[in-house]
Amino acid sequence: MIAITNVYVQYGDRILLNRINVVISERDKIGLVGRNGAGKSTLLKIIAGEMSPHEGSLSRPGNSSLGYLHQDMEIPLGKTVMEEALTAFSEAKQLESRINQLHEEMDRRTDYETDSYLQLIEELSVANDRFFLLGGHSMEADAERVLKGLGFEQTDFNRLTDEFSGGWKMRVELAKMLLRRPDYLLLDEPTNHLDIESIIWLEQFLATYSGAVIVISHDKEFLNNVTNRTVEVELGNVYDYKAPYSAYVTMREERREKQQSAFENQQRQIADKERTITRFMAKASKTKMAQSMQKQLDKIDRIELADADTAVMNIRFPAAPRSGQVVVDVHHLTKRYGDLLVLNNVDLRLDRGDRVSFVGQNGQGKTTLAKIIVNELTYTSGKLQLGHNVQIGYYAQNQSEALQSNRTLLETMEDAAPPEMRTRIRAILGAFLFSGEDVDKKVSVLSGGERARLALACLLLKPFNLLVLDEPTNHLDMLSKDVLKQALLDYDGTLIVVSHDREFLQGLTTRTIEFRDHQLFNYLGDVTFFLEKRALDNMRQVELSTPVINNGNSAAVVKEAAPVKELNYEERKRLQRAVQNAERKIERLEEELGVMEKQMAIADFYERPDSAKFLQAYQDKKKTLESVMEEWEAAQLELEEAGGE
C-alpha cells in the first residue's frame, strides 16, 4: 500500500497540491484526472520518487517494485527491439546464467554427501523457483506477445531501435515496463503514441493486471475500460471516487449539486437567525437571548463551496473561403522511404465539405499522406492535385513540440500572424486561456496541454478551407477536447483528422479511411462504424486465433463451441446462491478495508502503539477477500460453463 500524507507543493504564488491525502492499495486501478497544469504529473512524480513534496510524506513497502512511464523517457540505442525488450528480464537472465553454472559444477562433482554439495542443490532449487516466478521460462514468448500487442511486426524484432520514431521507441519502453510487471505501474498518457488496435490490446492487458495501475489519460473510453477508481486533482485538492471515469463525472455533478443545495439551505437558516437576532437586539428584554443566539450562530460549522476550475477555450474557426468542388484528388500514389514501402498505388478523392478521419496502426502512412497533401513531403510516384482556391490549415502531430522554447507566447503569435491579424493577437490568446502576464511567459515553461492550446491559437490566424489535423487531442484535457470537437463540428470547410481518440472521432466525421498493408480502405461512416466492421473480421481473428473461412468478400470467424456441462435444478441453485453470497461478502469486506485504509492514512497512524496489530488485521482481511474472490470466481465459472447467468 502507498500512503500519501499531507503532501503540499507550491510554485510561486500558486498552490499546486494543498496537503492532500491518498491511499493506493495493491490492486487499485486508478484514473488520475484533472485540467492541464492541475498537478497530475507532479503527483505521479512524487509517487515515483522522482521529486519530493515541499511538505508531507509518502510511504511505500520497501520490498515493492514500481514502474513509471512518462513523456520524457529516452530509450538506449544500439540494440534491436527484441534485445531491448528482453532487458526487462535482467534479473531472470542473471539467474539463468547462475543456474547453468550450478548445473556445470554439479556435473563435475561426485561428493554427493558433502554439505557443500547439498548447499549447491539448495541454491539451485531457490534459483529455479525465483527464475520461474520472474517468467524466465517464457521470456522470449512473453516479449513477443507484448510487442505484437503494442503494434510491432515480427519483422521489426531484429531492427535497431535507432531506426524508429519517438512514438515507437516509447512503445518499446512501455513493453519493457509491462514485462517487468511491477507492483505499482504509473503511466502518464500511455495512449498518446498508440493506434486504436494497440489501445484496445493495452486496455485488456491492464484490466487484468495483477498489480496496481495509476494512469493519467484524456481518453475517456480507455479510462472507462481500465480503471475502477478516479482521483481528480483540482485547484490544489483531490477528490476520490470509487468509480471509472463516466460514473465519476455523474457522481461529481451529484456531489456539487448536493453541496450547493446544502450551502443554500444553510445560508437561508443563517439569514433567518440573523433577522431574529437583529429583532431581539432592539428589545432590552430580549438582548440576553439575542446574544446567546449569536454565540450559537458563531459556532455553526459553515459549509464552504469547493472551487471548480471551469475555464474553457473559446474556439471558433474562421469561415472557410469557397473552394472548387474537388478539394484533393490522389491517383496511383506511391511513397517509399528508401527500401521501405509505405503507400502503394493508392487513390483518394475529397470533395468540398467532406469530413474524413485517417485511422490505422502507426507506421501505416496516415501522417505521411497528410504531410504529402499539405506539401511537407514529396511522393515517389503517382499524382496529387489540389482543387481550385484550396487554402490549407495544418496542425502537425508534433506542432506543440515544434514551438520555439525561447520565444514568449506573444512573440510566437506575432511570428505566425499576417499584418491584418496583429491587432487581434491578445484577444485570441485570451480565448485560449492566456491572459494578462501569461502572454509574456516563455514557451519553455508551458505544460504539454498549454503548448497544444498555443499551437491551436496560431492556427486561427489565417483563413483556410481544408483543415488537416494530425493527433490534435494529444495533451489536451477533457474539457479542451470537448471544446475543440464542438468547434470542428461548426467548421464549414473540408476536414481531415488523423487520430486514435475514439471518443473524439465519434460523430465528428462522415468517412473513415483505414491505412493497412500500404493500402487505403474506405468506410462510409464514423469511427464507431469502422470499429464495428473491424470487430467482425480482423480484430476477432487476432483475438480468438481461430480459423477463417472466406465467404465472398467477407471473412467469417469459426469457433468450435465447448461442450456444455449439464446441471440439475438443485446444483444450479446451489451455484447461484454461492455466487450471491460471495458477492455480498466481497462488498462487505471491501467496505471494511476502505474504512481501515482511511484510518491508516491519518498522519500519526504509524506512531500509535497498536499500529502493528492493526496492520496485521488489515492484511488478514485482505487475504480473506482474496479467498472469497477465488470462491466467487470458481462458482461463477462453473455456472457459466453450464450456460447459467
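The values are calculated or read from the model by the stated rules, or taken from the named source; none is laboratory data. Treat the numbers as computed from the prediction; the structure is a model and nothing was measured. Neighbour counts are summed over all protein chains in view; Cβ atoms, including those assigned to glycine, are modelled from backbone coordinates with ideal geometry. Calculation scope for accessible area: heavy atoms of the full protein, side chains included, ligands and nucleic acids excluded. Shrake-Rupley method; radii C 1.70, N 1.55, O 1.52, S 1.80 Å.
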Checklist entry - From the set of residues in region 412-462 that are open to solvent by less than 20 Å² (accessible area, probe 1.4 Å) and of a type in the set (Gly, Ala, Ser), which is farthest from the chain's Cα centre (by Cα)? => result Ala417
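Residue by residue, here is whether (1) aromatic (Phe, Trp, Tyr); (2) open to solvent by 50 Å² or more (accessible area, probe 1.4 Å) holds:
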residue: Glu122; (1), (2): no, yes
residue: Ala141; (1), (2): no, yes
residue: Arg145; (1), (2): no, yes
residue: Asn158; (1), (2): no, yes
residue: Phe164; (1), (2): yes, no
residue: Leu179; (1), (2): no, no
Checklist outcome for this item: Heads up, the helices (runs of 4 or more DSSP H) in region 1-116 (entirely inside) with at least 3 residues that are in contact with a Phe, Trp or Tyr (Cβ under 8 Å, 6 or more places away or on another chain) and open to solvent by less than 50 Å² (accessible area, probe 1.4 Å) are 40-48, 90-108
Checklist entry - Would a scan of region 547-563 turn up a residue that is basic (Lys, Arg) and either at pLDDT 50 or above or crowded, with 16+ Cβ neighbours inside 10 Å (or both)? => result no
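Examine region 217-230 for a residue that is closer than 22 Å to Phe504 by Cβ and of a type in the set (Gly, Ala, Ser), and state whether such a residue exists. Show your work before the answer.
Residues of region 217-230 that are closer than 22 Å to Phe504 by Cβ, as a first pass: 217-227, 230.
Filter once more, keeping what is of a type in the set (Gly, Ala, Ser): 217.
Yes - at least one qualifying residue is present in region 217-230.
For Leu341, state whether it is touching a His at 6+ places or on another chain (Cβ under 6 Å) and more than 24 Å from Gly39 (Cβ to Cβ).
The answer is yes for Leu341.
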Item to check | Number of the exception - Thr423 against (1) modelled with pLDDT of 85 or more; (2) β-branched (Val, Ile, Thr); (3) part of a helix (DSSP H, G or I) | outcome: (1)
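What is the residue count in region 583-633 for residues that are part of a helix (DSSP H, G or I), among the aliphatic types (A, V, I, L, M) and surrounded by 14 or more Cβ atoms within 10 Å (Cβ to Cβ)? Lay out the reasoning, then the answer.
In the first step, residues of region 583-633 are kept if they are part of a helix (DSSP H, G or I); the result is 583-600, 605-607, 611-633.
Restricting the remaining residues to those that are among the aliphatic types (A, V, I, L, M) gives 586, 589, 593, 595-596, 600, 612, 615, 617, 625, 628-629.
Among the residues that remain, those that are also surrounded by 14 or more Cβ atoms within 10 Å (Cβ to Cβ) are: 586, 589, 593, 596, 600, 615, 625, 628-629.
Final tally of qualifying residues: 9.
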Checklist outcome for this item: The lone condition Asn568 fails out of (1) open to solvent by 30 Å² or more (accessible area, probe 1.4 Å); (2) modelled with pLDDT of 70 or more is (2)
Checklist entry - Where residues in region 341-395 are of a type in the set (Asp, Glu) and not in a strand (DSSP E or B), which of them is surrounded by the fewest Cβ atoms within 10 Å (Cβ to Cβ)? => result Glu376
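Take residues that are open to solvent by less than 50 Å² (accessible area, probe 1.4 Å), farther than 17 Å from Lys481 by Cβ and of a type in the set (A, V, I, L, M, F, W, C) and tell me which of the strands (runs of 3 or more DSSP E) falling wholly in region 188-260 contain 3 or more. Before the answer, list the steps.
Details: elements: 212-216, 229-234, 237-241.
Ranges flagged: 212-216.
Does Leu333 meet the test of being open to solvent by less than 50 Å² (accessible area, probe 1.4 Å), in contact with a strand residue (DSSP E or B) (Cβ under 6 Å, 6 or more places away or on another chain) and modelled with pLDDT of 75 or more? Break it down into steps so the answer makes sense when it comes.
Working: open to solvent by less than 50 Å² (accessible area, probe 1.4 Å): yes; in contact with a strand residue (DSSP E or B) (Cβ under 6 Å, 6 or more places away or on another chain): yes; modelled with pLDDT of 75 or more: yes.
When the stated conditions are applied, Leu333 passes them.
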